[in-house]
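Working notes, beginning with the structure itself.
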Amino acid sequence: MDPLLFAVAGQVVFKASTEPQSYEVQAVPAQPLFLGYPHGPKTAEFVPNGRQTRSQLATFDGQIEGTIQTSADAWTMSSTSKALASTFGGAVTPGDDAVYDREGDWLLVFSAKGVSLRKVPGGYRVVTTGGKVQVKLYENYYRDHLGYFLWDKKKPLWTKPVMGWCSWMAHLQDVTEQHMADASAFFSKHLKAYGYDTVQMDDGYQRVPQMDSTGYKTTEPVADLWTKANSKFPSGLQSLAQKIKNDGMTPGIWVGLYLPLSPSVPRYVNGPDGQPLRGPWVNYAVDGMDDQALQAGYLDTFKTLKHQGWDYIKVDTLRHVLYDNYRKTPGYFQAKNESMETAYRRMLSKIKDVWGKDVYLLACWGTIPELAGIPDGCRIGEDVGPDVASMRRTAKYIAQFHYLNNVVWHNDPDYMCLRVGVDQARAWASLIALTGCQTMVSDPLDTYTEE
């Protein structure tokens, strides 16, 4: 057998220096992504029909060496370490035994007693020691092996740090215009120089309830319920966004994709009885393939908020649109000869189009593989609070989903609540900083001290 060429889509990845003892191509049915959240399904419950994982496996009897040919968007990693590692630049961590190429979405793993990798022009140089070597090439690693089947890897990643203050755990739904103005002034004066340049208003400004025992109905256009705020914001949302900008900060806003019944929305996703399907947390939803319903249900809201000057958008209840609406009525999509995943992706794509590439869009909540490649960031974990248990949950989800960070999107483990003890606050902040995640805090301003 001649020295082996590992290739993906006709592109040579690695040429072995010696003949392999054996070589095989492995193809097995793909599996849905494991999620493991305490609420909702334990897996993503989605695998495209006929999707398989494909790998190339070769075994060598002795030392091998050669150059791994990569794009500029590639890095090394360990396939065996239980420690969480973040790599910046072209650094190679001692003990790394694999190379991932994001542009090609392939992973090449060397299993041997000793593996040495170093950066060279055009890729990495590998030398193994210690006898028998196995080399395995995983094709379409994130899309097929990890379960992000619809990931559009061509979308550029968000390159700037995302740091700031969120109103939610500071004030919950009691947030007011004055709270937001005070937070903007405080962070502009004290913390903007350290990168905290975003002030994001969360749930509490809108005039539409999320949970209503009777199913909320209104005669108003849906967009008005979000863009014409409640009485706690007497100056209006446009004035508040401008005030935040005047402080040199980025104004951010939260919107939940839960809908009331409104005559402004021509059609909703229907249940088996032919009536609009109502589900927990989402209330009602519209079909992402229905342009008129999408416009009235969601897009008019986002267009108005953008016009008002908001430059950071957090889109919530996305998980519930999928699991508590779309997935509950598969017959609706089958009757229209539509894929619910295509409709779901199109819904968020159209929302992202409203904001454009220069506005950060955070998808919330939970890792949602069906949306991979559309949002700039994703809330990977549950809500947190001002307690050590929340810090531990944050660490759990960072460890579980760190492989997504700055590969598929920017990970948001949720805000930090720093009104825990000083040592705990420092540990929490260090965890977020060292893993390169989105960095937001959510505390009443009077809890912050010089320390």
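The values are calculated or read from the model by the stated rules, or taken from the named source; none is laboratory data. Because the structure is a prediction, the values reported are computed rather than measured. Here the Cβ positions follow ideal geometry from the backbone for every residue, glycine too, while neighbour counts run over all protein chains shown.
Structure above, values below:
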quantity: Top-ranked residue in the stretch 41-68 [being of a type in the set (Gly, Ala, Ser) and either surrounded by 15 or more Cβ atoms within 10 Å (Cβ to Cβ) or over 35 Å from the mean Cα position of the chain (by Cα) (or both); ranked as modelled with the lowest pLDDT]; calculated: 62
quantity: Qualifying residue in the stretch 186-202 (condition: under 14 Å from residue 167 (Cα atoms), in contact with a strand residue (DSSP E or B) (Cβ under 6 Å, 6 or more places away or on another chain) and part of a helix (DSSP H, G or I)); calculated: yes
quantity: Meets criteria (in contact (Cβ under 8 Å) with a residue 40 or more places away in the chain, assigned by TED's automatic domain parsing to the domain that holds residue 124 and not in a strand (DSSP E or B)) for residue 79; calculated: no
quantity: Residue in the stretch 274-291 that is surrounded by fewer than 23 Cβ atoms within 10 Å (Cβ to Cβ), in contact with a strand residue (DSSP E or B) (Cβ under 7 Å, 6 or more places away or on another chain), among the aliphatic types (A, V, I, L, M) and part of a loop (DSSP other than H, G, I, E, B) present; calculated: yes
quantity: Options 174, 197, 202; residue that is among the charged types (D, E, K, R) and surrounded by 22 or more Cβ atoms within 10 Å (Cβ to Cβ); calculated: 202
quantity: Failed criterion for residue 128 (all others in (1) crowded, with 17+ Cβ neighbours inside 10 Å; (2) under 26 Å from the mean Cα position of the chain (by Cα); (3) closer than 30 Å to residue 59 by Cα hold); calculated: (2)
quantity: Whichever residue in the stretch 145-171 is basic (Lys, Arg) and surrounded by fewer than 15 Cβ atoms within 10 Å (Cβ to Cβ) and, among such residues, is farthest from residue 14 (Cα to Cα); calculated: 160
quantity: Boolean, residue 297 is farther than 23 Å from residue 197 by Cα, out of contact with any strand residue (DSSP E or B) (no Cβ under 9 Å at 6 or more places or on another chain), surrounded by 19 or more Cβ atoms within 10 Å (Cβ to Cβ) and in the same structural domain as residue 185 (by TED's automatic domain parsing); calculated: no
quantity: Those residues of the stretch 1-39 which are loosely packed, with under 12 Cβ neighbours inside 10 Å, touching an Asp or Glu at 6+ places or on another chain (Cβ under 9 Å) and over 30 Å from residue 383 (Cβ atoms), in sequence order; calculated: 1, 2, 9
quantity: Criterion: within 23 Å of residue 437 (Cβ to Cβ), crowded, with 20+ Cβ neighbours inside 10 Å, touching a residue at least 60 places away in the same chain (Cβ under 8 Å) and out of contact with any Cys (no Cβ under 8 Å at 6 or more places or on another chain) - qualifying residue of 138, 142; calculated: 142
quantity: Test: residue in the stretch 234-256 that is part of a loop (DSSP other than H, G, I, E, B), touching a residue at least 24 places away in the same chain (Cβ under 8 Å) and under 24 Å from residue 385 (Cα atoms); calculated: no
quantity: Only one of 93, 76, 80 that is crowded, with 21+ Cβ neighbours inside 10 Å, out of contact with any helix residue (DSSP H, G or I) (no Cβ under 7 Å at 6 or more places or on another chain), β-branched (Val, Ile, Thr) and within 26 Å of residue 430 (Cβ to Cβ); calculated: 76
quantity: Scan of the stretch 199-219 for residues that are within 30 Å of residue 242 (Cα to Cα) and either in contact with a helix residue (DSSP H, G or I) (Cβ under 6 Å, 6 or more places away or on another chain) or modelled with pLDDT under 85 (or both), ordered by number; calculated: 199, 201, 202, 203, 204, 206, 207, 208, 210
quantity: Residue in the stretch 62-72 that is under 30 Å from residue 435 (Cα atoms), in a loop (DSSP other than H, G, I, E, B), not small (Gly, Ala, Ser) and not assigned by TED's automatic domain parsing to the domain that holds residue 280 present; calculated: yes
quantity: The stretch 430-451: number of residues that are in contact with a Lys or Arg (Cβ under 6 Å, 6 or more places away or on another chain) and at pLDDT 95 or above; calculated: 1
quantity: Matching residues in the stretch 307-328 - criterion: being surrounded by 20 or more Cβ atoms within 10 Å (Cβ to Cβ) and closer than 17 Å to residue 259 by Cβ; calculated: 315, 316, 317, 318, 319, 320, 321, 322, 323, 324, 325, 326
quantity: Any hit, the stretch 93-109, residues being in a loop (DSSP other than H, G, I, E, B) and hydrophobic (A, V, I, L, M, F, W, C); calculated: no
